[in-house]
Every structure is written in C-alpha cells, then in structure tokens.
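What follows is a single structure, written as structure tokens, with notes after it.
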C-alpha cells in the first residue's frame, strides 16, 4: 500500500513538472516569450492571493494573454518576502501590491519601496469605515471625536492586525484633523485582523472600530453595527445612509488600494504591453463582478499615473506615520 | 422543517454527493499526512471552486475540513506523529494502544467517536447556532486569555510524575511563540533580520519537526535492533473494538461532543484546545486515571469526538457573523467571497437553502466518513508491517513536502531539522512534547489577549474577575492544576484511616 502511495506521489510530481514545461512554446523574442508568473506575497486564500488568481483567470479566460500564467505564493513579512523575490526576477514576473509596499519601508521594516519596482497599474480600492455598535452614545463621527478629544482613554478603538496599516493610519489622519494627538488614542490591537475587530465590537469589548468597509457592511445592513462614516469621495451604493468623511467636515479621501507591479528596469515596450492588457482587463464583466463580490471599487490607473500616485501616497504615509509616533 | 427537507434534497443531488465523498476522502488523506492540513487542502482547491455553485463549494470545503479531523488521528495512532494540532491528543493513548497491538481497535473507535461527535454537533448547529454565536461574543480579551490559560494548565497537569519537565516544555513553547512582529508595538522580536521569521514560527513546522522527524531520529537509534520490536508490532489486533472498550468510551464520547462543539464556536479556540480540554477532563473524572497515557481507550475516543465536534462548531461564527474561527474557515471565507457569497448576519435570511444544504451534507458526510475510515483500517494497519528502513525515509519525505506547502520557503527546512533534533532530545530525556507544541499554538494569542485586557481596563487586573465566564474559567484552571494533588491527599488520608 505504501509502495503504491509512493508511486502515486511520484506520478503527481512528474505530472506537475510536465504541466510546468509543456506550454513554454510561444518562442521568438517578442515579450512575453515564456510563462508569466504572478507573485501573491501571501498565503492562498487571502486578499492578495485572490487578487492574483482573479487577474490570472480573467487574463486567460478573455484570451488577453496567450502565454501560460501561474500564481506563486510567497507569504511572509507583510509582503516583504514576495516582493524581495520579485525584485530579483525578470520582466515575466509580476506581483500584487498595496500600501504596505510603502508603509513597510517607512516603518523601517523593509529596505524595498515603490522605486525598487516598475509600477504597472493600480487596480481596485476598498474604502475604510469607522463604525460603532447600534446603541452607542455616539451617533455621528463628530460626537465620537469630541469624546475622544475630551478624554482619549474613555474610547477604546479596535484595529487589526497591527498598527501602521491603512485601518490605523486612516483613523490617525481623520482624528488629526480635529487636532487629536495620535499617541493619545486608545487602540486595542486584534492580531486576527478585521473579523476579530468586528467580533469585539459586537460583543462591546471596544467602543469603535476602524476597518475595511467589507468587514462591517453586512452588519450595518443587518442593523447590528452603525457605520459612522466611509472614506470614499462620494456615498456608496447600498449605504446611502452613511455619510462620507468629507461631508462630516473632514477633508480627506482614503483609498485602500491594490495594484500590480513588475521588477525594476522593465523596458518601455513591456510596460506598454501591460498597460494595454490590464486596461482591457478592468473593462471585462468578470472583473466588474469580482469588484462587486468583494465590495471593491474600480480604481484603475495606468502605469504612468500609478508612478505619480505612489510618490504622492508615499508623502502622505510619511506624514501620517510621523504623526502616529510609531517611528521615533 | 421545510428548510430541512429542501436542504436534504440539495445535499443528495448526485453532484453534491460526489463532492461530499471526494471532500471527505481528500480530507482524510491530507489529515493523515504530517503537515498537510485542511487549510492547505481547501486553499489548493480554491481555483477549482471558481465557477462552482456556492452551495456545492461550501459542501466540498466543509467535507474536507471534518474529513481531516477523521484522518488526523490515523498517523497519531500508527506513528505517534499528529497531522495537525487537533490530533495531538490522539497520540497520548492512541499510540500506546498501537504499541500494545490494538492499532485496529484504536482506529475503529476513533472513527466512531468522530462520527458521534460530528452528528451531535450538527444537531447543535441546527438548534443552537444563533444563541451560541451570541454567547461567543461575550468572550472578550480577558475571557480568551483565561481559556488559553486553562488549556495550558490542563496540558501541564497531564504530565503527572514529570510536571517540572512539562512546565519547562511549556515555557519553551511560549518562548518560541514570541518570535515575530509584535502586533501591539510593531517591534520585531527574535526575527534575526529574516523577513521570513517576522510572522512567527508556524506551529505546524514544529509539530512535524518534533513529532515526525523527532520520532524518525529516535528510531534511528534502535533501527538495527528492530527485530524484537518488529515481532511485537506485527500483531495489529482486530479491526473492530470490543464491547468492553465501547462501554468505557461511550460516556466520554457523549460528554466530549458538546464540549468540543462549544469550544469550536469560539473564534480562535478550535480543535486543538477542544481536544486537549476534553482529554484532561476525562482523565480527571475517570475512575482509572492511571491508565491514561498508557493506552486507555476512552483517552483516545474523547478528544476524537471533541475535535470533530469543534470543526462543526467553527462553521457557526463563519456563517452567522462572517468571522473565521480557524485557519481553515479563514480560507473558506475567502473562497466564498470570491463566489459572491458574503457570510454574515444576512446569510441565514437571504440564503437559507445554502445553510440547510450544508447542514444535511454534514450528516451525510459523517456517515460517509465513518464508512471510509473503517474500511481503511485494514489497509492502514499494514503501515505497521512496513519495514522501518522503508517507512522512515517515506515519513521524512512527506514531512519535507508538507513543510514546503506551508509557505513555499526553504527557510522552513532548517527550522524543521532544528525541531527534529529538539524532538529527539526531548524523547531521549523523557520530556513531554505536547506542552511545547500547544504552548506555541496558543502563546501568541494568549499574550496579545492579556495585553488587550489590561489596556482596556487601564491596567487593572480586576478585569480577569469581572464576568462570570472569567470566574468559571479561573476556577477550572485552579481545579485542573490542583485536582491531582487534592485527590492524592484525600486518598492518603483515606488509606491512613
């Protein structure tokens, strides 16, 4: 029985390696001339992984790219391991990214930053939400912030999975506009991430949470929590009753974006190739369906726009991190 | 009731039956292999579920999940190497049973215990999903910390006669759990500037290392003297348990199912904690606690019932609140969102057909699995007949494959070997291994919950006494630590009289 098991594994290994080599035949020197590998810098099942796999599937299904496309998972270090890997590869490797690419560097957790890669596109964004439980004494964002200003320790704010992420920094930016010192904020850090934060809010272990919209949207619709404000530039579908931060007098829009990039030193043609393919991809029905399923909004920007956007974002994040007191 | 019948019809559609059988079988297989767990199996199948009917997808993923609970104990019993955290408790008595020549009975009783645990928990799901979900919300940081403290005290109190060694192993596990980025401050702890270590040491690597690799290394020491042990091992016993064994296991199985179910509902607790608490509970109320750890059949049956019940319980926070309670349900959540299903408070109202389909598939799945697993007993006991010189290289190969699938990194191979050597040393010096692994599993969460509890109470320790749940957990913790001592004093007194 064991022997048979061994043969089975051997067979599988051979089969897998065969899959890895057969379709490598497009030949010629025109880019791309071999497999495309998309690096998901996280374990299977997470947001980055799903983004990478969706891009893979939509590019293939719509025959936008003829070459074989694989997704490789390189989890670790909040993206660091996967991006380090990409940094050493040729232009047939791409990787999914998000603002962590900038913040890891600014927080001193990584040497790499956006300038060590070739930005190809910004693809989608989620919005941030600040929420309280339905019977909370704070019925709008200004009431909440006034209480924080009066007595910062009296309001426990749930955030996860760690400080320095968009959930945390968007809240720092918003409270900063009301002259609240970031270091006074009473954060409870749930390292299980968004789901844990919402459980804590439902169980009244925290007074307010700052998290991605998708974590609290269903609970808001079911009348279990109240979203006080969203970080988008206008009110969102299904949540017409929730004001934006801007409407509440806080002049900010905070996207939680995801994008895709290549290794450094990609040629003009290669960049142009992806501009063409990705701009077509974001127009597809499947992509729109994906955005809807995940509560994401389209946020497509070309490679050039993304390059400028990254520089702008880096400046903003640097300010916020200085303000947050995370780096001395 | 109408919903139930409709769900039954969904679940017995041929295509869904196919997914149940496939998922259950796949789960059993990955559960058996060290390092390959249900989370990996579900993740690998995500591309397959693209385009599937969401109900079929969740039926398939759930079948893998509880299938792995059946499979997980196989390698615990046969090789003393658990496939996952929730199968650790099965090594305590399952492996001694196999050494006594009762491998067949051990596997049969664990399959039946898993079955009963699964069925009871599925009934619990039907009647108690919503109230239990609300109960789970009462668990704040203080309660979680105390639950984990109870788990650790239960583990240590199991190592009767070598409690100090148990404590040392536990502390080592807690130390290891501090590796990685500290979520509260963002400081890197013991990461040696290696980004791979910044997310901590995966407890599965430690399980594979100290158990599988450690066991192999340990057996290398005696591999050339194996003649004698081979004779002993070739007696695998019957493939069905005796009436006497059933009588001893019946109540432990029935008691452990609701316990495992409730622990499973708590996000983040899961099968490892459930099986450990059920094992130590059974040991403490048993009339023959001395037999535990030496091949007591109820010591195997109880945690097996509990961990399968926990896997059903874990579906409750996922489906009612969209909150994943374990690694596997986190992956399932991702897959469901891709399919356009957003688990949460609205799901029961918007899509009851899916929930009922899933519930019915769990009934059918558990029946299928008990059959599969009992049929496999005859085949699996042959593992014991495999010559060591063939078996051990195979285990090493599987261990390396399993480790690689965790994060696709070769750094983990070094960790695997280091923990293999640690496992060997612990075996040679007669240290209990379970406290190390379980402390590592709960350590990081325990620390974080302790700090959050204190942050939210502005530093006052009174928060650990502030709810009835906390008080109950504290009493249980004290009892689990001192019960053996009290019993001993009591017995001494009695005999002195």
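Are any of the residues in segment B:66-74 in a helix (DSSP H, G or I) and either surrounded by fewer than 22 Cβ atoms within 10 Å (Cβ to Cβ) or within 14 Å of another protein chain (Cβ to nearest Cβ) (or both)? Give the steps one after another, and end with the answer.
Step one: list which residues in segment B:66-74 are in a helix (DSSP H, G or I), which gives B:66-74.
If we keep only those that are either surrounded by fewer than 22 Cβ atoms within 10 Å (Cβ to Cβ) or within 14 Å of another protein chain (Cβ to nearest Cβ) (or both) too, we end up with B:71, B:74.
Checking segment B:66-74: at least one residue is in a helix (DSSP H, G or I) and either surrounded by fewer than 22 Cβ atoms within 10 Å (Cβ to Cβ) or within 14 Å of another protein chain (Cβ to nearest Cβ) (or both).
Quickly run through segment B:210-226 and pick out the residues that are assigned to a helix (DSSP H, G or I) and either over 17 Å from the mean Cα position of the chain (by Cα) or surrounded by fewer than 19 Cβ atoms within 10 Å (Cβ to Cβ) (or both).
Filtering segment B:210-226 down to residues assigned to a helix (DSSP H, G or I) leaves B:210-220, B:223-226.
Selection gives B:213, B:214, B:215, B:216, B:217, B:218, B:219, B:220, B:223, B:224, B:225, B:226.
Among the residues of segment B:296-329, which ones are surrounded by fewer than 24 Cβ atoms within 10 Å (Cβ to Cβ) and at pLDDT 80 or above? Talk me through it step by step, then tell me what you get.
Our first condition is that a residue be surrounded by fewer than 24 Cβ atoms within 10 Å (Cβ to Cβ); within segment B:296-329, this holds for B:320, B:327.
Matches in segment B:296-329: B:320 only.
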For this session: Tell me, yes or no, whether segment B:414-436 has at least one residue that is assigned to a helix (DSSP H, G or I), within 14 Å of chain A (Cβ to nearest Cβ) and touching a residue at least 60 places away in the same chain (Cβ under 8 Å).
Result: yes
Problem set entry | Residues located in segment B:392-413, provided they are over 22 Å from residue B:39 (Cα atoms) and either without any contact (Cβ under 8 Å) to a residue 24 or more places away in the chain or not in a helix (DSSP H, G or I) (or both) | B:393, B:394
Exercise. Checking residue B:443 against (1) outside any helix (DSSP H, G or I); (2) at pLDDT below 90, which test does it fail?
Worked result: (1)
Problem set entry | Enumeration of residues in segment A:23-49 that are assigned to a helix (DSSP H, G or I) and either at pLDDT 85 or above or not assigned by TED's automatic domain parsing to the domain that holds residue A:91 (or both) | A:48, A:49
Exercise. Taking the stated definitions as given, is residue B:124 more than 14 Å from chain A (Cβ to nearest Cβ), under 21 Å from the mean Cα position of the chain (by Cα), buried (at least 19 other Cβ atoms within 10 Å of the Cβ) and farther than 24 Å from residue B:292 by Cβ?
Worked result: yes
Exercise. For segment B:465-484, which residues satisfy the criterion of being within 14 Å of chain A (Cβ to nearest Cβ) and part of a helix (DSSP H, G or I)?
Worked result: B:469, B:470
Problem set entry | Per-region count, segment B:343-375, residues at the interface with chain A (Cβ under 10 Å from one of its Cβ atoms) and crowded, with 20+ Cβ neighbours inside 10 Å | 4
For this session: Test residue B:329 against the criterion of being within 14 Å of chain A (Cβ to nearest Cβ) and assigned to a helix (DSSP H, G or I), and give yes or no.
Result: yes
For this session: Could you please let me know if residue B:59 is more than 16 Å from the chain's Cα centre (by Cα) and crowded, with 24+ Cβ neighbours inside 10 Å?
Result: yes
Exercise. How many residues are within 14 Å of chain B (Cβ to nearest Cβ) and surrounded by 21 or more Cβ atoms within 10 Å (Cβ to Cβ) if we restrict to segment A:238-293?
Worked result: 2
For this session: Return the total of residues in segment B:311-326 being farther than 17 Å from residue B:445 by Cβ and facing chain A (nearest Cβ under 10 Å).
Result: 3
Exercise. Wholly within segment A:148-233, which helices (runs of 4 or more DSSP H) include no fewer than the required count, namely at least 2 residues that are buried (at least 24 other Cβ atoms within 10 Å of the Cβ) and away from chain B (no Cβ under 14 Å)?
Worked result: A:166-176
Exercise. For segment A:60-77, does any single residue satisfy the condition of being touching a helix residue (DSSP H, G or I) at 6+ places or on another chain (Cβ under 6 Å), more than 22 Å from residue B:411 (Cβ to Cβ) and not in a loop (DSSP other than H, G, I, E, B)?
Worked result: yes
Problem set entry | Residue among A:237, A:218 that alone is free of Cβ contacts under 8 Å to residues at least 12 places away in the same chain and more than 24 Å from residue A:137 (Cβ to Cβ) | A:237
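The values are calculated or read from the model by the stated rules, or taken from the named source; none is laboratory data. As the structure is a prediction and not an experimental result, all values here were calculated from the model. Please note: Cβ atoms are built from the backbone with ideal geometry, for glycine as well, and neighbour counts cover all protein chains shown.
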